[in-house]
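Let me begin by presenting the structure, written as structure tokens, before commenting on it.
Derivation of every value follows stated rules applied to the coordinates shown; laboratory data play no part. Keep in mind that this is a model prediction, so the values were computed, not measured. Note that we place each Cβ from the backbone using ideal geometry, even for glycine, and neighbour counts take in every protein chain shown.
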Amino acid sequence: MNVLVTGGNGFVGRELVRRLLAAGEVLPGQGPLTRLTVVDMSGEGLPADPRLHVVCGSIAEPAVLGEALVAPPQLVFHLASIPGGAAERNYALGLQVNLLATLELFERLRAQGLCPRVVFTSTIAVYGSPLPALVDDASPMKPGLSYGAHKLVGEILLEDYSRRGWLDGRTLRLPGIVARPPQPSGLLSAFMSDVFWKLAAGEPFTCPVSADAVAWWMSVGCCADNLLHAARLSAEQVRERRDYTLPVLRLSMAELVEGLVQRFGEDRRALVRYQADEGLEAAFGRLPPLDAGAAEALGFRHDGSIAALIRHALGGRD
Ligand SMILES: NC(=O)c1ccc[n+]([C@@H]2O[C@H](COP(=O)([O-])OP(=O)(O)OC[C@H]3O[C@@H](n4cnc5c(N)ncnc54)[C@H](O)[C@@H]3O)[C@@H](O)[C@H]2O)c1
């Protein structure tokens, strides 16, 4: 079968691509993976595999999208996206990639007439802020950033294209995923990943939120598992509902640090200094309980334990 991953050379995409190449059959009963097309701004660092076809360029360019769809896919993971902060700074770019290119992708898939499965990565940013005391499957969506607004429109479009029988869509709303390799990403939430790498390496870490700050956590490995799980659900299983907010581990910074101390040694405790920034604390450190009942009922999972979160976040497998 042919699979397309947009944004397949990003943080989550690389993990997903690794798993797709390692899977015998991606979808049960659909035969082995014959072609995996990745479209991204760069293909640098992707594995060498005869099944892998890399298309470099922007999905906002018609010719690039055309090349990515030369072999009509039966399964699409649509991950390519401009992050929230960058999309807020550059409205035109965010609109072009996060919304207009998403619509164009759906249109071209419709024209191919194969009704492919489409797994779309949305975000908990669709809920906006402040969050209610409990987030659940009935919580209202009121995005506070253009990024969240464009993702929400993508969700609605995917629902409508699925209702019409043109696509077989599944939307997953992701929380912050860890542990993104240390690099100047400009992401305000970078500290949520840095804490893993710093303490693993035995380096000092100044935490910009308090020890009591509570966040939602999911590892990149667990995220890739959930994306594959979404693809493997039958059309029947998603007929009633196609949008899922994923279950998470809800942990305080102190609990996470304790887990890292347990994993890497008592000496790590003294490496952490808390210097809370009120803005970051408000944005990332006061997340309420999340009831992801609809996703759990269909078999989506969080990491399971702090120890597993740490293992998976740093690239380990069970
Ligand atoms: N990682 C998270 O914490 C998180 C949280 C919520 C939602 N998400 C969503 O999950 C998806 C994957 O996230 P990620 O962390 O891997 O993001 P990422 O930024 O690491 O990867 C996205 C990839 O998309 C590519 N891309 C950007 N614009 C493109 C364009 N015009 N054409 C082609 N490729 C383009 C980038 O080069 C990058 O490789 C995204 O849709 C993101 O919005 C991620």
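List the pair-distance distribution P(r) of region 1-153, using every Cα-Cα distance, as the percent of pairs falling in each 10 Å bin from 0 up to the bin containing the longest distance, rounded to whole percents.
With 10 Å bins starting at 0, P(r) equals 11, 38, 33, 16, 3.
Which whole-number percentage describes the relative contact order of region 31-153, with Cα contacts under 8 Å and a sequence gap of 6 or more?
Reported relative contact order: 22 percent.
What net charge is computed for the residues neighbouring Gly165, neighbours being all others with C-beta under 12 Å from the C-beta of Gly165, Lys and Arg scored +1, Asp and Glu -1?
Its environment carries a net charge of +2.
Could you tally the net charge around Leu20, taking each other residue with its Cβ under 14 Å from the Cβ of Leu20, Lys/Arg +1 and Asp/Glu -1?
Charge balance near Leu20 sits at +3.
Ranking request for peptides 244-250, 292-298: highest mean number of other beta-carbon atoms within 10 Å first, then the rest in descending order.
So the order, starting with the most tightly packed, is 244-250, 292-298.
Of Cys222, Val261, Gly45, which is farthest on the positive side of the dipole of the chain, counting Cα position, with +1 on Lys and Arg Cβ, -1 on Asp and Glu Cβ, and the Cα centre as origin?
It is Gly45, whose Cα lies furthest towards the positive end.
Tell me the relative contact order for the chain as a rounded percent, counting alpha carbon contacts under 8 Å between residues six or more apart.
Relative contact order, the chain: 17 percent.
What percent do you get for the relative contact order of region 77-133 when only Cα pairs under 8 Å and 6+ apart count?
Contact order relative to length: 41 percent.
State to the nearest 20 debye the size of the charge dipole of the chain about its Cα centre, where the only charges are +1 on K and R beta carbons and -1 on D and E beta carbons.
480 debye
Is it possible to state the helix-based mean residue ellipticity at 222 nm for the chain, with each DSSP H run of 4+ residues giving -39500 (n - 2.57), the sum divided by total residues, to the nearest 500 deg cm²/dmol? What is it?
Estimated from H runs of four or more residues: -10500 deg cm²/dmol.
Across every pair of different alpha-carbon atoms, what Kirkwood hydrodynamic radius in Å does the chain reach?
20.1 Å
Considering every pair of different Cα atoms, what Kirkwood radius, in Å, is found for region 2-47?
10.9 Å
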